[in-house]
Amino acid sequence: MQISNENIIQSVREVEDYLISTRRHLHEYPELSGEEYETTEFLKNEVNKLGLPIVEVGGTGFYAILDTERPGKTIGLRTDIDALPIEETPSNLKNKRLCRSKREGIFHACGHDGHMATVLAAMNILYHYKDKLNGRIIFIFEEGEETGCGIDKMIKALEKENIDAIYGNHLAAFLDTGKLAIKDGPIMAGSAVVDFTVRGRGGHGSRPDLSISPIFAATNIINGLASAWANRIDVTKTVTLGLGTIHGGTAANVIPDDVRVTGTMRFFDIDEGRKAIELVKKVGRLTAEAHECQFIENEIYLQNHTVDNDKFLADLALDQISEIMPTRVVNDVTWFASETFSEYDKVAKTLFTFVGTKNDKLGSGAEHHNEYFDIDEDSLLIAVIAMVKFTLAFLDYDN
């Protein structure tokens, strides 16, 4: 039985206060990847209010099942639940924040608070409509997306559920509030981890000749990688190299034994990504050897492949969401960030959308993983409408 667009929009308006208050509560009490204990307790309490069964997957991740007890398809709706080790500024780019983290040095700087609130609001609406639906809806709460610590457990647990499709969305600071991006094919980049140590021989700063400095070796490796990226990476298949940390030494007059360098790579072409991984290893090993240092690969590996939207699901979403929000949908957006959502295609067809949350007047629009990051809460209403509309359309589609 179809549910009208007017009824969907009205249902979202009815949960608006719940949606906003939930997001603000979760924003005020963020927890780091793999440590989302209070967050999970809160989420489970919301699920328990509806009496939905909960399936534990290990760690802080879990999923809940809404079963109509009528035959039909199964769809998963996914949210991440973790925050980042970033200190939040009192104001965003322009104004005082509507709510702030109460935990020093921890901050929902990527919008996961909004993602959780969106899924909980959608869950309440869909539960209200359950007598009009067929099939099952699985609400997926994934531990530790930022570090990837929960995805393998979740995928393994979901293998037995015979899911037909999994839908997710991501608030996007680069996209204006009111816009929702949907397209088929690759929409988010694959990623690789870069983490290596250069080991030399420490000593007194007054006689560097009696030591073997890993600092100079590490510096030359970094410079060598910059040259290699300009000359060895196919210019038509961009691979970004973002080095985030370099650590070595504790005092100005002491040459350390070790220097550690970490970062990530992002790419849309998987073969070029693998080539880049080998390039980091080769430049690191040969440069370290030239400095009589040791190059130690802590972790240099492919982490995530690209997030690829299934064409049928993307076409269905474009048609149905454009119907309920005809001026909001765009279909030409990709993002060089990466996401563990890419792994869900191991258990089902997948669709991932971007929901714009940039509002210059409010001051939202700073980059993700940034101390000034903030969201326009109006974007959450759009996210819920899209999630509910697509879920209803998919369950009702006869294929």
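The values are calculated or read from the model by the stated rules, or taken from the named source; none is laboratory data. Only a predicted model underlies this, so the values are computations on that prediction, with no experimental measurement involved. Using ideal geometry, Cβ is built from the backbone for each residue, glycine included, and neighbour counts are taken over all protein chains shown. Heavy atoms of the whole protein, side chains included, go into the accessibility calculation; ligands, DNA and RNA do not. Shrake-Rupley method; radii C 1.70, N 1.55, O 1.52, S 1.80 Å.
A few notes on this one:
- Every residue from region 350-376 that is open to solvent by less than 20 Å² (accessible area, probe 1.4 Å) and not polar (S, T, N, Q): Leu351, Phe352, Phe354, Val355, Gly356, Gly363, Ala366, Phe373, Asp374, Ile375, Asp376
- Answer residue from region 252-274, given it is in contact with a strand residue (DSSP E or B) (Cβ under 8 Å, 6 or more places away or on another chain) and open to solvent by 80 Å² or more (accessible area, probe 1.4 Å) and is farthest from Thr236 (Cα to Cα) among those: Asn253
- In region 8-27, the condition of being outside any helix (DSSP H, G or I) and not β-branched (Val, Ile, Thr) is met by no residue.
- Pairs meeting the criteria (first residue in region 314-335 and farther than 12 Å from Ile187 by Cβ, second residue part of a loop (DSSP other than H, G, I, E, B) and among the polar types (S, T, N, Q), beta carbons under 7 Å, at least 6 apart or on different chains) are Leu318/Asn331.
- Inclusion of Ile382 among residues that are open to solvent by less than 70 Å² (accessible area, probe 1.4 Å) and part of a helix (DSSP H, G or I) is warranted.
- Listed here are the strands (runs of 3 or more DSSP E) enclosed by region 50-144 that have at least 1 residues being open to solvent by less than 30 Å² (accessible area, probe 1.4 Å): 62-67, 74-80, 136-142.
- Screening region 251-293 for residues that are assigned to a loop (DSSP other than H, G, I, E, B) and aliphatic (A, V, I, L, M) and picking the one that is farthest from Arg207 (Cα to Cα) gives Ala251.
- Neighbours by Cβ (under 6 Å, 6+ apart or cross-chain): first from region 344-358, in contact (Cβ under 8 Å) with a residue 60 or more places away in the chain and of a type in the set (Gly, Ala, Ser); second open to solvent by 10 Å² or more (accessible area, probe 1.4 Å) and part of a strand (DSSP E or B): Gly356/Leu175; Gly356/Asp176
- The lone exception for Asp308 - which of (1) free of Cβ contacts under 8 Å to residues at least 60 places away in the same chain; (2) of a type outside the set (A, V, I, L, M, F, W, C); (3) under 21 Å from Thr240 (Cα atoms) it fails: (1)
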